[in-house]
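No value in this document is a laboratory result; all are computed from the given coordinates. Note that this is a predicted model, so its numbers are computed, not measured. Backbone-built Cβ (ideal geometry, glycine too); neighbour counts: all protein chains shown.
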Amino acid sequence: MKSRLQPAMSTLYQRRLWRLFWFAAIVLVGMAGAAFAQDAEDPPGRVGYVSYQKGGVVFAPEGEEDWVDLPTNRPITAGDRLWTDQGARAEFQVGTTTLHLDGESHMGVSELEERALKVILLQGSLNLRVREVAQGENVEVDTPNLAFRALQPGDYRIDVDVRNGETRVVVQSGLGSVFGEAGESIHLGGGQVAAFTGRVLAQVQGPEFRPDDFGLWAAERNRAEDQSVAARYVPRGVVGYSQLDQYGTWNQDPTYGAVWYPAVQVANWAPYRYGHWSWIGPWGWTWVDDAPWGFAPFHYGRWTMISNRWAWVPGRLAHRPVYSPALVVFLGGGGTRLAAGSGPAVGWYPLAPGEAWWPTFRHSPRYVGFANFNINLNAYPRTFTNHVWRQRPFAVTAVGEDDFRRGRPVYRHWQPLAPQTIGNAQINVVPVRPELRPRGEFQRSWRGQPAAPQAGVQPGSQPVAPQRFFGGREPPAAVREQFRAAREQERLQREADRTARDQQRQAEAARPQQADTRFQREQAIRQQQEQGARFQAQRMQQEQAQRMQQDQAQRMQQAQRPQPEQVQRTPQEQAQREAQREAWRHQREQNASQPQRPTAHPQRPPVQPTQQQQQAVVPVPQQQVQAVQQMQPPQQHQQPPQHQQPPHAAPMNRGERGGQGQQGNGGGPEQGQGQQGGGRGGRGGWR
């Protein structure tokens, strides 16, 4: 018997059409590649969420001062913060990366984009499992001391001790780099442990790392995720895929391929009915489901019914699919007078396989193409109204407009709509943004494209310190102090960035002037060098001329100086001189053959030259005298015997006591000075 929920002929036609457009979508979208490259006007292509929490886990969105208990399946994005109480634990997933937090840990998400995941661990312990690192992707954990970047898939652990100001990095497997404030870096491989203090990578000897309860728990969670059955049917980039294993079953459908059936036992259950709506910028209205498995099926894929059962169809997703806040079509709201009960209402229904989703926020055509991967957008334009589940009132959910905007639980306030009301309602209407935000509901202002991560510096974007709530409790003193320091650091960082931008603009403005000044300075230096070279050449020429003048003057002086007179001797004088020399030589030989007596030596009177010799003797230069002395053999001074008297000797008189002259060194006329000295000494005793 055919059920009333069995798809009609129009539905079968839609299925056939969906299969035909399957391959056309590959040409339209698949040619652009499997990875979504975010444009400046697009929101992030992926988010994170807490897939497991035990104990007290509170969070605060970007720009909020209030800390509240973390709602199940609440998307976590840049600027959000998490805190785990003592003894609590949390598991945070972003695509293929999983982070585990131990008790008393404080973590904030500073950047979450398609190619960047950057978190800040201010206190506590974090276990990081990186399953893949795409080209150009940055997976980074910043601490008050350093910045750690995972370079390869692996398991990493980071502990921050705020009491001692230390950060310990444990690389259990993989490869990572640690960056300091000044840009220095250290690589750590598998099995290496390093502890640092300060912000300049000053290593300290920390305690030996041993697996503790937290590490064992994180390893067990990672092992279970590695063995996930859902990973066989969907890419691991689908956030929340691992929760599908224990809350449903997988099956192969001849029309849709792999489908997943949730294990629900609730009457009148339908997609997007058990949860609430929350305004989360930049996407706007976001569905937050209550089911523990309710993240992936409501932000990826489509919903259909097979044999009276709701089934989630992931379809052919990209390796890193684009996150969507809610894959539904809104109807009513915005003043379209859709009534439910006694007042205006807002309704919605899920999209069926093959139907296109058109965002209500600012986006680029590229973003729409990747968000509708393998879907023909030409067949389902924005003006398309004949959706499958619009024709099925049991799939449509509606609540009062006030309940919708205040984020109240939908299943408590939803009301069925008549088919005529649904058919007359306007679709693709954006519900009005809430003016007054209820307690516990938050909004984020989109900041645009975040700046590139800066490794090794204190986080520049820090959340605001909590003032009123900390999950219903006063925040710990350590957290308050961290936030105060974070605000001060943020202010200093903004001032430094502003100063750097001003300096850069001034440098760019002064660059032409600097170029002209540099050219002038170089030209002046060259001129000085040329002048110095010319002065040096002139000085050398002057010195050379002075030397030439001095040499010429010396030559002239030498030419004018009188030459020493040469001693002219007659042949008789030369013969007499030779005879004297021969006599002196004969006498020396005799003296040498006779023994010497220790008696007083009589002074030999000087030899008086003849008158002819006196006339012929001329002064001899001292240089010639020295030359003659060098030619003669050394004279041995022998004293004659006492009984011998020199020739021409005269008897001594009272003048014996006269001084004795010094005996000459030589034995010839050349020693005239010595003989004359002896004569002068002897004149004291001669008459």
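Pull out a ≥ b ≥ c, the square roots of the eigenvalues of the alpha-carbon gyration tensor of segment 102-141, then state rounded if a/c is under 1.5, prolate if not and a/b is larger than b/c, and oblate in the remaining case.
On the way: a/c = 3.67, a/b = 1.85, b/c = 1.99.
Judged from the Cα gyration tensor, segment 102-141 comes out oblate (a/c at least 1.5, b/c at or above a/b).
Let me know the Kirkwood hydrodynamic radius for segment 91-227, please, with Cα pairs as the basis and the value in Å to one decimal.
On the way: mean 1/r = 0.0672 Å⁻¹.
Kirkwood radius, segment 91-227: 14.9 Å.
Full-extension gain between residue 520 and residue 582, please, as 0.36 nm times their residue separation minus the C-alpha to C-alpha distance.
Details: separation 62, 0.36 × 62 = 22.32 nm, distance 9.23 nm.
Full-extension gain reported as 13.1 nm.
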Give me the Debye-computed log₁₀ of I(q)/I(0) at q = 0.31 Å⁻¹ for segment 68-124, equal point scatterers on Cα only, no solvent, two decimals. -1.52
Any number yet on Rg/Rh for segment 110-173, C-alpha, Kirkwood? 0.97
Could you please tell me the mean projected area of the C-alpha convex hull for segment 252-335, averaged over all directions and given in square nanometres to one decimal? 7.2
Put a dot 7 Å past each Cα toward the Cβ at residue 379 and residue 495; how far apart are the dots in nm? 6.1
Taking placed amide H atoms and a strict 5 Å upper bound, the residues 5 or more places from residue 293 or on another chain that come that close are none
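With the Cα gyration tensor of segment 286-331 in hand, give its eigenvalues times 5 under a square root as the equivalent ellipsoid semi-axes, listed largest first in whole angstrom.
Values: eigenvalues 58, 45, 28 Å².
Working from the Cα gyration tensor, I get semi-axes of 17, 15, 12 Å.
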Could you tell me the extents of segment 339-398's C-alpha atoms along the three principal axes, largest first, rounded to whole Å? 42, 24, 15
Mind listing P(r) for segment 42-167? All alpha-carbon pairs, 5 Å bins, whole percents. 2, 11, 23, 25, 21, 12, 4, 1, 0
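Compute the Cα gyration tensor for segment 191-231, then decide on rounded, prolate or oblate, letting a ≥ b ≥ c be the square roots of its eigenvalues: rounded whenever a/c is under 1.5, prolate when a/b is larger than b/c in the other cases, and oblate in all that remain.
On the way: a/c = 4.23, a/b = 2.50, b/c = 1.69.
Taking the square roots of the gyration eigenvalues as a ≥ b ≥ c, segment 191-231 is prolate.
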